[in-house]
Amino acid sequence: MTLFDVYSLYDIEPVRGSGSHVYTADGTEYLDLYGGHAVISIGHAHPEYVKRVSDQVGKLGFYSNSVVNSLQEQLADRLGMASGYPEYTLFLCNSGAEANENAMKLASFATGRKKILAFGKAFHGRTFGAVAATDNPRIRAPFNETDHVDFTPLNDIPAMREALASREYAAAIIEGIQGVSGIHEPTSEFIKALASETGKTGTLLILDEIQSGYGRTGQFFAHQHYAIIPDIITCAKGIANGFPMGAVLIAPEIEAKKGMLGTTFGGNHLACAAALAVLDVMEREKLVENAAQVGEYLIEKLRAMPGIKEVRGRGLMIGFEAEGISGSELRRRLLFGRRIFTGGAGESTVRLLPALSLTREQADEFLAALEAELKTLETE
Ligand SMILES: *Cc1c(COP(=O)(O)O)cnc(C)c1O
């Protein structure tokens, strides 16, 4: 058997990691400004994380959701405190797409409505409902076509208002900051108008914080920069530092009924141990504050760098474009020439999604390498 060939691969195999570095089998070191796609939140192979997950697998790796699992209760308590949503309830699942799927299903149960409003260039995942709410026809199969989802352009307040006025929508779903589209923020006016309009029309507001949440932008959730309060918040990516997990945070008005949601693997003991270790390390090492500080520093330095034409983002969720070279070619050169992993978005954008523990020195190392690489373009 060979692999179903759906990923474009770089010919490099990291076999171990430590903090913001990964290593190939021959010991070559790479600086990781990509975090395996915003997943590595506390750094690779953090010793406390390794210990907690290893201890848990030696005790009890899994039991089903038909019995008490106090690790889930601890996680709900800790996540409520860390995020500023102590009164919300928590539903655990296994991935980002699944978190959004459950969020939309829940909104539909709660309102009795069928439709979802999503926004231009949004990405919400690849399962049925999530891909239907994703504004990218290339990844939507005929089977996924549905008239239950409509899109209006991001940041177009009149179009959003007009759609919601129909009162047909169970929920509007929006990313805290769009990731896959290349780091695009909702304007403060737009997201505030959306919060108010959803409230007035009996529509639930789902904030997809799968990429922008969990400390990445220097607040626990990106929407907290705008002081709005969603009805449902979805998380995944950084939540368990690489252990597959998704989470749905649910406002207290939304009522749970036995059996309305469920999963076999979701919230299992290993995943909870991993997620609890992440929250412990985030708090002790003040990683949300670090993401704010190192992120602000990186953004400022990138804005001042000759050859960089646009920088977008907040904290350690950054997209930039360089003059005279495509994002994909620049990423390739940084990887093979300078041993630095970065992320991409489309042809033009380079995306930085490093561990929240990235140091100022590591940021400087990246900036120096990028500047040197851009200088070589002048002489080509
Ligand atoms: C990655 C991502 C998802 C999907 O998460 P998976 O774990 O890959 O299913 C959904 N929404 C956003 C904003 C994402 O970045």
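The values are calculated or read from the model by the stated rules, or taken from the named source; none is laboratory data. Everything numeric here is computed off the predicted structure, so don't read it as measured data. Cβ atoms come from the backbone with ideal geometry, glycine included; neighbour counts cover every protein chain shown.
Assorted remarks:
- Flag if residue 279 is over 29 Å from residue 196 (Cβ atoms), among the aliphatic types (A, V, I, L, M) and either over 19 Å from the mean Cα position of the chain (by Cα) or within 15 Å of the ligand (Cβ to nearest atom) (or both): no
- Taken over the stretch 304-323, the residue count meeting the criterion of being touching a Lys or Arg at 6+ places or on another chain (Cβ under 7 Å) and assigned to a loop (DSSP other than H, G, I, E, B) is 3.
- If you go through the stretch 255-271 and keep only what is among the β-branched types (Val, Ile, Thr) and loosely packed, with under 12 Cβ neighbours inside 10 Å, you end up with just 264.
- Reported count of residues in the stretch 324-363, each being of a type in the set (Lys, Arg), in contact with a Gly (Cβ under 9 Å, 6 or more places away or on another chain), touching a residue at least 40 places away in the same chain (Cβ under 8 Å) and assigned to a helix (DSSP H, G or I), is 0.
- Screening residue 85 with (1) more than 16 Å from the ligand (Cβ to nearest atom); (2) loosely packed, with under 15 Cβ neighbours inside 10 Å; (3) within 26 Å of residue 186 (Cα to Cα) gives one miss only, at (2).
- Subset of the stretch 239-291 that is in a loop (DSSP other than H, G, I, E, B) and among the basic types (Lys, Arg) - its residue that is nearest to residue 51 (Cα to Cα): 286
- Annotation: of all residues in the stretch 233-243 being hydrophobic (A, V, I, L, M, F, W, C) and crowded, with 24+ Cβ neighbours inside 10 Å, the one that is nearest to the ligand (Cβ to nearest atom) is 236.
- Cβ-Cβ distances below 7 Å connect the following pairs, each with a first residue in the stretch 280-300 that is within 21 Å of residue 80 (Cα to Cα), a second residue that is at pLDDT 95 or above and of a type in the set (Phe, Trp, Tyr), and a separation of six or more residues or different chains: 281/49; 288/220.
- Taking the listed residues 331, 338, 303, 284, the one that is buried (at least 20 other Cβ atoms within 10 Å of the Cβ) and of a type in the set (Lys, Arg) is 331, with no other qualifying.
- Sole residue being on the phi > 0 side of the Ramachandran plot and assigned by TED's automatic domain parsing to the domain that holds residue 315, chosen from 27, 84: 27
- Among helices (runs of 4 or more DSSP H) entirely within the stretch 96-212, having at least 2 residues that are within 14 Å of the ligand (Cβ to nearest atom) singles out 96-111, 128-132.
- Number of the exception - residue 230 against (1) outside any strand (DSSP E or B); (2) within 15 Å of the ligand (Cβ to nearest atom); (3) in contact (Cβ under 8 Å) with a residue 40 or more places away in the chain; (4) crowded, with 23+ Cβ neighbours inside 10 Å: (3)
- The residue list 64, 70, 95 contains one member that is touching a Gly at 6+ places or on another chain (Cβ under 7 Å), at pLDDT 95 or above and not β-branched (Val, Ile, Thr), which is 95.
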